[in-house]
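Engineer: First, the structure itself, so that you have it in front of you.
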C-alpha cells in the first residue's frame, strides 16, 4: 500500500504544480484537492475535474462514489477504498472550494463592459411655423386713446406747513452763578488729579491710573452739571 501511495503522490506532482489544499489516502487510490481541480488517482489511472464543473457528489450506490458534472460523471471512485467519516470531511472541503470557485467567476463576468448605448437619433428640424415670428397687428386710428388726466396738484407749501404746529424755539438755559462755580470746581478737580500724578511718579501704576481716571470723571460730571 505504501509503495502504491508513493507512486500516487509522485504522479500527482507530475499532474499539477498547484498547491494541494487537502488529500485523502485510501486502500486503492488517492483523492487530492487543489484550489482549481479535484483528482482521483487509482489503479485504473487518473481522473480529474475542474471545480467549476462539479454539480454534486453521489456516494454509496453500488459501492461507487460519483462526482457529477452538468450531464455526465466526472470522477468515479470505489467507496470501500476510504473511511466513510474521512470521506465526508474531505468532500466538505471540496464543497467549500467549489463555492469559492463559482463566486470568483461571477464578478469576472460582471466586469465585462456593457454594450455601448445606441446613439440618439438626431432631433427633427423645427417646423417653419414655429420659427417664424407672429404677424404684427396693423395699427388703426379708429379708436381714440383715452384722455390723460393730469395728476392732482400738490397743496401749496403754506397749507402744508400750516397743518403742523410750529415747534417752540429752544431756549438756552444757562447755569448762572452756580454754573460758573461748577466750572471752577471742575477745573480744580482736574488740576488736583494731574498734580497728584505729577508729584508721585514712582507710585503704583494702578494707583496712578485710578487717580487720573477718577479725577477726569469727576471733572467731566461737574462741567456737565454747570451747563444745566
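Engineer: Between residue 99 and residue 185, what length comes free when the chain is fully extended (0.36 nm per residue of separation minus the Cα-Cα distance, one decimal in nm)?
Structural biologist: Additional length available on full extension: 20.4 nm.
Engineer: Counting other beta carbons within 10 Å of each Cβ, put 97, 185, 39 in order, fewest first.
Structural biologist: 185, 97, 39
Engineer: Going by how many other beta carbons lie within 10 Å of each one, how would you line up 90, 210, fewest first?
Structural biologist: 210, 90
Engineer: Please give, to one decimal in nm, the separation of the simple spin-label points placed at residue 85 and residue 7, each 7 Å out from Cα toward the Cβ.
Structural biologist: 3.1 nm
Engineer: How would you rank 16, 34, 202, going from fewest to most other Cβ atoms within 10 Å of each one's own Cβ?
Structural biologist: So the residues, fewest neighbours to most, are 202, 16, 34.
Rule-based calculations on the coordinates, nothing more; no lab input. From a predicted model like this one, the values you see are computed outputs, not experimental measurements. As a convention, Cβ positions derive from the backbone with ideal geometry for all residues, glycine included, and neighbour counts pool all protein chains shown.
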